[in-house]
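This report refers to the structure that appears directly beneath it.
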Amino acid sequence: MRVTPLGTNGYFPSFGRQTISLLLTGGERALLLDAGSGVGRLIEPDVSSLVREVHALDIVLSHYHLDHVIGLSYLTAVWNRGPVRIFAPAFPLVDAEPEETLERLCSPPLLSTPISRFPGPVEVIPVREEEFEAAGLRIRVWRQDHPGGSIGMRVGTDLAYLTDSSADDAVLAEIAGIRLLIHELWFTDEEAARSPAKGHSHVSAVAHLARLAKPRLVVPVHHHPRRTNEEIRRMAAELSVRAGIPAVCAEEGRPLETGD
Ligand SMILES: [Zn+2]
Ligand SMILES: [Zn+2]
């Protein structure tokens with residue numbers, strides 16, 4: 001399984017970074033974790049070559065804030081390689097119903113073609129259970145502390161993706177034995193001390209979780225748009241020291257070097 005971050009920001013694009021979306025390839029179907037503006041990178045030659053042999057796309061959404069779903073409105077322009085399935089969290093995992101929410105996002109007057117009438121087949125699959133299969137991988141999800149709810153996810157045996165959450169130790173059992181932890185890094189410790197984090201995580205909280213879970217590598221994502229790339233590198237370095245685990249900043253559009 002190869003992981004290629006297509007977008008690593010939260011909220012809105014900045015400093016050359018798009019909003020959050022991670023592409024997983026290596027199976028018969030491609031898999032996107034979240035569908036922020038990074039989905040637009042599917043038309044870039046280096047990214048499109050990763051899905052050249054793939055004829056179906058699965059998407060798992062963490063929640064419905066725009067930075068995680070706006071890329072669904074690009075699908076007609078960036079994906080013409082076969083059917084799409086959108087695994088979309090529903091109550092009680094989040095406080096929203098998927099069909100209604102996605103139809104609202106992808107409908108006139110906001111978008112000329114409703115999602116139900118995209119040229120290729122698009123199926124919205126509400127996720128209410130904690131386990132399901134997407135792109136041939138077992139996905140396990142749980143509700144996180146975030147306004148309106150969001151889901152953390154374990155994808156297959158090796159990878160966990162946790163964003164828009166407060167990095168709570170309670171998830172330790174869910175992420176035991178993973179090799180790659182992709183976790184949001186929204187606040188510095190100073191920012192979190194100034195205004196207590198609401199549904200987002202800060203450096204020492206993510207480091208604490210990583211130290212306990214012991215993955216081989218931590219990749220911080222969902223960066224605050226105001227940060228420069230240099231500031232993000234410094235936060236990742238601090239995370240790595242505090243966790244005692246390597247932490248690398250992803251380069252969008254490039255597969256992660258996971259050391260496997
Ligand atoms: Zn977000
Ligand atoms: Zn959010």
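The values are calculated or read from the model by the stated rules, or taken from the named source; none is laboratory data. Quick caveat, the model's predicted, so the values are computed rather than measured. Cβ placement follows ideal geometry from the backbone for every residue including glycine, while neighbour counts extend to all protein chains displayed. When the accessible area is computed, the model is the full protein with side chains, heavy atoms only, and any ligands, DNA or RNA have been set aside. Shrake-Rupley method; radii C 1.70, N 1.55, O 1.52, S 1.80 Å.
What number of residues within segment 192-229 are charged (D, E, K, R), modelled with pLDDT under 95 and assigned to a helix (DSSP H, G or I)? Even if it seems obvious, please write down each step before you answer.
So in segment 192-229, the residues charged (D, E, K, R) come out as 194, 198, 211, 214, 216, 226-227.
Narrowing further to those that are modelled with pLDDT under 95: 194, 198.
Narrowing further to those that are assigned to a helix (DSSP H, G or I): 194.
Going through segment 192-229 one residue at a time, the tally reaches 1.
Scanning for something outside any strand (DSSP E or B), of a type in the set (Ser, Thr, Tyr) and closer than 20 Å to VAL141 by Cα, does segment 42-52 turn up at least one residue?
Looking through segment 42-52, none of the residues is outside any strand (DSSP E or B), of a type in the set (Ser, Thr, Tyr) and closer than 20 Å to VAL141 by Cα.
Looking at this structure, is HIS63 part of a helix (DSSP H, G or I), touching an Asp or Glu at 6+ places or on another chain (Cβ under 9 Å), in contact (Cβ under 8 Å) with a residue 60 or more places away in the chain and not β-branched (Val, Ile, Thr)? Lay out the reasoning, then the answer.
Numbers: part of a helix (DSSP H, G or I): no; touching an Asp or Glu at 6+ places or on another chain (Cβ under 9 Å): yes; in contact (Cβ under 8 Å) with a residue 60 or more places away in the chain: yes; not β-branched (Val, Ile, Thr): yes.
The answer is no for HIS63.
VAL69 is checked against (1) touching a His at 6+ places or on another chain (Cβ under 9 Å); (2) surrounded by fewer than 24 Cβ atoms within 10 Å (Cβ to Cβ); (3) at pLDDT 95 or above and fails just one. What number does that condition carry?
Condition not satisfied by VAL69: (2).
Would you check which residues across segment 211-231 are free of Cβ contacts under 8 Å to residues at least 40 places away in the same chain and more than 19 Å from LEU159 (Cβ to Cβ) and list them?
Result: GLU230, GLU231.
Kindly list the number of the only condition in (1) free of Cβ contacts under 8 Å to residues at least 24 places away in the same chain; (2) assigned to a loop (DSSP other than H, G, I, E, B) that fails for ALA173.
In the conditions (1) free of Cβ contacts under 8 Å to residues at least 24 places away in the same chain; (2) assigned to a loop (DSSP other than H, G, I, E, B), ALA173 misses (2) alone.
When the residues of segment 115-137 are narrowed to those that are in a loop (DSSP other than H, G, I, E, B) and under 21 Å from ALA56 (Cβ atoms), which ends up nearest to ligand 1 (Cβ to nearest atom)? Steps first, please.
Kept after step one, since they are in a loop (DSSP other than H, G, I, E, B), are these residues of segment 115-137: 118-121, 128-130, 135-136.
Checking which are under 21 Å from ALA56 (Cβ atoms) leaves us with 118-121, 135-136.
Working: PHE118: 24, PRO119: 29, GLY120: 27, PRO121: 28, ALA135: 22, GLY136: 27 Å.
Across segment 115-137, the extreme among qualifying residues is ALA135.
What is the one condition in (1) out of contact with any helix residue (DSSP H, G or I) (no Cβ under 7 Å at 6 or more places or on another chain); (2) among the hydroxyl-bearing types (Ser, Thr, Tyr); (3) crowded, with 17+ Cβ neighbours inside 10 Å that SER37 does not satisfy?
Just one mismatch for SER37, condition (1).
I'd like the full set of residues that are of a type in the set (Val, Ile, Thr) and open to solvent by less than 30 Å² (accessible area, probe 1.4 Å), limited to segment 40-53.
Taking segment 40-53 and keeping what is of a type in the set (Val, Ile, Thr), we get 43, 47, 51.
Within segment 40-53, VAL47, VAL51 qualify.
Conditions tested, residue by residue: (1) open to solvent by less than 10 Å² (accessible area, probe 1.4 Å); (2) touching a residue at least 24 places away in the same chain (Cβ under 8 Å); (3) assigned to a loop (DSSP other than H, G, I, E, B).
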residue: ASP58; (1), (2), (3): yes, yes, no
residue: LEU75; (1), (2), (3): yes, yes, no
residue: ASN80; (1), (2), (3): no, yes, yes
residue: GLU100; (1), (2), (3): no, no, no
residue: PRO109; (1), (2), (3): no, no, yes
residue: ILE139; (1), (2), (3): yes, yes, no
residue: GLY148; (1), (2), (3): no, yes, yes
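Give the residues of segment 221-247 that are buried (at least 23 other Cβ atoms within 10 Å of the Cβ) and within 16 Å of ligand 2 (Cβ to nearest atom), sorted by residue number.
Answer for segment 221-247, where residues must be buried (at least 23 other Cβ atoms within 10 Å of the Cβ) and within 16 Å of ligand 2 (Cβ to nearest atom): VAL221, HIS222, HIS223.
Assuming GLY148 fulfils every condition listed in (1) within 16 Å of ligand 1 (Cβ to nearest atom); (2) within 20 Å of VAL206 (Cα to Cα) apart from one, which condition is it?
The number of the failed condition is (2).
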